[in-house]
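First comes the structure, then the notes that go with it.
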Amino acid sequence: MSSPLQPAANLGKRVRIVVATSVMLTFISFWRAAAIVLNDLASSAFYACGIAEQAVGKSAPWFIVGVMLFSFTVRAVYVESCSMFVRGGVYRVVKEALGGTLAKLSVSALMFDYVLTGPISGVSAGQYIVGLLNEVMVTADAHGWIPRAIHNIFHGTPQFDVNWTSVVFALAVTIYYWWENIKGIHESSEKALWVMQVTTVMVVLLLGWSAFTLFKVGWQHVPLPTPGNLHFSKESLGFLHHSFPDQSLAQKFGILGIMIAFGHSVLAMSGEESLAQVNRELAHPKLQNLKKAAIVIALYSFIFTGLTALLAVMLIPDAVRVSVYKDNLIAGLAMYMYGPEILRLLFRGFVVVVGFLILSGAVNTAIIGSNGVLNRVSEDGVLSDWFRFPHRKYGTSYRIINMIVGFQIFTILASRGDVYALGEAYAFGVIWSFAFKGLAMLVLRFKYKGERGWKVPANFHIGKYEIPFGMASITMVLLATAVINLFTKSVATISGIAFSLVFFAIFTASELINRKKHALSQQHMNDQFQLLQRDTVERESLRIRAGNVLVPVRDYNTLVHLRWALEKFDIHDQDIVVMSARVSRFGAAAYDLAPEQIFSDYEQTLFTRAVSVAESFGKKVSLLVVPASDVWTAIVQTAQNLESSSVVIGVSSKMSPEEQAFALGQAWEALSEPKRQFVLQVVHPEDHLDTFRIGPHTPTMKDEDVLLLHRLWLSITREPGLENVHHHEILTEALTRFAREYGAREREEILKELKRTGNATRLAGGPQPPTAPLVRKEGGDGSFPDRGP
Amino acid sequence: MISLLGVLLVRILEGMFVVGLVGSTVVLLITFVEDAELLLGREDSNHP
């Protein structure tokens, strides 16, 4: 479908720009999607039960199990929202149902959730590492391996200060990922899958060994989750502590006690929002795969978080569980398995490694997720464009990243390494973003008339009205828990409300400023550009000839490659297409972008410069903006759709031309068949050129190989009856024989010989740049010399 | 008066929580059956 956005009047004066509105993505399986979500969701297993037990007492694991069972229903809410909107995150759904003001409030709560995910994960990872180091030193000291002098300096076994060392560790991890995100880290589902595979090995070992331990040494009783078994701490009653200082609250209001305990355990299901964010990248059939991913996520987190919490209380003695292992409960569980100490210590080391991987990954996810959400609301005009201005060198939205990481560093320092305080505050963001989501979905049951692929079950009819009993029930639990948490989590309530109000004020002020500014810039843009909306990029509808030259542009200060293309190519033979990819990374939740949002102030400036360059050459260029999750994917998919023969790019400040070609080659390999080859030309500022072929191509032949082939040809054509044989027929015969031998018994010998000659070549030529199997570098002048005999 | 309002609020929240948990349990059981059907490949695709 296509529809001009502007009226036809005065079109001749304006430059035509095609804005594609469908994001170009590489689609992923439900396993990979589940792995991405679990990297966030499953990380809470490392700290949730410890926090809950400090708040409500020894029956906490039952509440964690209850929350994990309830998370199955929250997952159902997300599946329904994603079946309605491809990006069914909190912002989109709340805005649709409850309007912009509540959408801004819900995003503020979600931001609080994201900003705290980093610190709690970083500090928790630090607690696990420092806990292990201290344990190792105690063991070493017990064996007399620590020198007496060191022992004397520390007046006993040397020990790190757990909380402050964790703060240092969390700061180091946060700063590391800050820099990675400033540079524009590529988030891969491959890495997420690998982390979950390692985590699964740990979970299987943990559950198996725990079962064996239960069988060999028995277990401690876990008190049932009844009001009488609840023992709230002073902190866990929050504001209610002043009204009920005698701790009799649970007995006074039986169910209220259960609700308070449930509220202290909800952080175990944080991370569901990521499901809405990966939905867009799920492969076909999307809804089926979304459901499968959701099942995997819910089952995995139930088994890992729920069962681990139960086992911790069953196996770790009461005397040490809270006092020693409250912040690294799984490490404590490893130490109380049945078996030799060295094995237990080794397993604890493995737990710490896995904890480090998954928790530090969650720090990164928090930065990416919050950057994505803020970029998204910025695109909607709710956050000033100033925040979204790209980094001069790396092109990332560095101001947003700086702001988020600034908040996170402040939070880490303010927490002083106290995981409990962080967890209490974290739960505020988690439960309020879910409550907004549930309420909005309930309203949409009556308000939304569009397509809905699936519904949360338990609906019944009264007359012609459908009563969404299931959805209403889930929303009631979420809302009741969110309200009760306001009273029982004083630190979270004060900090959460303050944070949300600050964000809400920023959003509201930005929106007002943007509204005035955009009205002016829209007027200027309408005078200069005509935006034409297309769902997808198709050559015919864009009126571009096959064999065109695609010139991706990003920075309006570096358009050397566009000048080069305009100088070298004759537009009578080949069209020149200037393309800008609007990157919308994983985490840029919410909804499809309107063309005006994709074509922002930045694109306007970029295309104004590009048109000015083209005008200086007196040549016409076609302009195209495509949204994409990844620049390289956008380039190869556009080149494929437009049937481009060449892609001309500028040399990158952070990648060598070979690495650029490698990245493009990898994106090309991920394309589905049939695929077209094209030439990549990387233009250096001083007009020097690197040229690569992308796709299967004739390999580069050494001169001696060409001579050998020619000598063979001379020899063979002297034979009677073979006078007319061509060079390529000899090559075909040679390759066929080679393939036959490689497939048979001479395979090992061939591989050995190839390794030998390969090493010799590399040694002679020095270190080689990474090269994708389907990328070939050509002559430095950009030509493709005919090397055939 | 404030105490009375407080108790009323608590009772309302308790009511919402209990009814909500009952309804959520029903949702949980129905989705378990649907999930099992999906995993065993017996589900009608994309029924609304």
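I'd like to check something: does the range A:151-158 contain any residue that is surrounded by 14 or more Cβ atoms within 10 Å (Cβ to Cβ), modelled with pLDDT of 90 or more and of a type outside the set (K, R)?
For the range A:151-158, residues surrounded by 14 or more Cβ atoms within 10 Å (Cβ to Cβ), modelled with pLDDT of 90 or more and of a type outside the set (K, R): absent.
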Please count how many residues of the range A:723-738 are in a helix (DSSP H, G or I) and farther than 15 Å from A:P699 by Cβ. 5
Check the range A:166-179 and report whether any residue there is touching a residue at least 60 places away in the same chain (Cβ under 8 Å), surrounded by fewer than 18 Cβ atoms within 10 Å (Cβ to Cβ) and outside any loop (DSSP other than H, G, I, E, B). yes
So, in the range A:588-630, of the ones that are at pLDDT 65 or above, in contact with a Phe, Trp or Tyr (Cβ under 9 Å, 6 or more places away or on another chain) and among the hydroxyl-bearing types (S, T, Y), which residue ends up nearest to A:H572 (Cα to Cα)? A:T608
Has the range A:306-323 got any residue that is in contact with a Leu (Cβ under 8 Å, 6 or more places away or on another chain) and among the polar types (S, T, N, Q)? yes
Restricted to the range A:75-90, and to residues that are buried (at least 24 other Cβ atoms within 10 Å of the Cβ) and within 11 Å of A:K437 (Cβ to Cβ), which residue is nearest to the other protein chains (Cβ to nearest Cβ)? A:V77
Out of A:T157, A:T226, A:T139, A:T200, sole residue that is among the hydroxyl-bearing types (S, T, Y) and under 30 Å from A:W31 (Cα atoms): A:T200
Which numbered condition trips up A:V93, out of (1) surrounded by fewer than 24 Cβ atoms within 10 Å (Cβ to Cβ); (2) assigned to a helix (DSSP H, G or I); (3) modelled with pLDDT under 85? (1)
If you take the residues of the range A:676-733 that are among the basic types (K, R) and out of contact with any Asp or Glu (no Cβ under 8 Å at 6 or more places or on another chain), which of them is nearest to A:W564 (Cα to Cα)? A:K702
The lone condition A:I297 fails out of (1) touching an Asp or Glu at 6+ places or on another chain (Cβ under 9 Å); (2) within 14 Å of chain B (Cβ to nearest Cβ); (3) modelled with pLDDT under 90 is (3)
Quick one: is A:F215 at pLDDT 85 or above, aromatic (F, W, Y) and surrounded by fewer than 17 Cβ atoms within 10 Å (Cβ to Cβ)? yes
All positions within the range A:434-480 that are assigned to a helix (DSSP H, G or I), of a type outside the set (A, V, I, L, M, F, W, C) and either surrounded by fewer than 22 Cβ atoms within 10 Å (Cβ to Cβ) or within 7 Å of chain B (Cβ to nearest Cβ) (or both): A:R445, A:K447, A:G470, A:S473
Given (1) more than 13 Å from A:W432 (Cα to Cα); (2) surrounded by fewer than 19 Cβ atoms within 10 Å (Cβ to Cβ); (3) touching a residue at least 60 places away in the same chain (Cβ under 8 Å), A:T493 misses just (1)
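One line per residue, one yes/no per condition, for (1) farther than 30 Å from A:F487 by Cα; (2) more than 8 Å from chain A (Cβ to nearest Cβ); (3) at pLDDT 85 or above; (4) buried (at least 16 other Cβ atoms within 10 Å of the Cβ):
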site	(1), (2), (3), (4)
B:V10	no, no, yes, yes
B:V19	no, no, yes, yes
B:T31	yes, no, yes, yes
B:E34	yes, no, yes, yes
B:E37	yes, yes, yes, no
B:S45	yes, no, no, no
B:P48	yes, no, no, no
Enumeration of residues in the range A:388-433 that are hydroxyl-bearing (S, T, Y) and either outside any loop (DSSP other than H, G, I, E, B) or out of contact with any helix residue (DSSP H, G or I) (no Cβ under 9 Å at 6 or more places or on another chain) (or both): A:Y398, A:T411, A:S415, A:Y420, A:Y426, A:S433
Given (1) among the basic types (K, R); (2) surrounded by 19 or more Cβ atoms within 10 Å (Cβ to Cβ); (3) at pLDDT 85 or above, where does A:R582 come up short, assuming only one miss? (3)
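The values are calculated or read from the model by the stated rules, or taken from the named source; none is laboratory data. Treat the numbers as computed from the prediction; the structure is a model and nothing was measured. In this analysis, Cβ positions are derived from the backbone assuming ideal geometry, glycine residues included, and neighbour counts consider all displayed protein chains.
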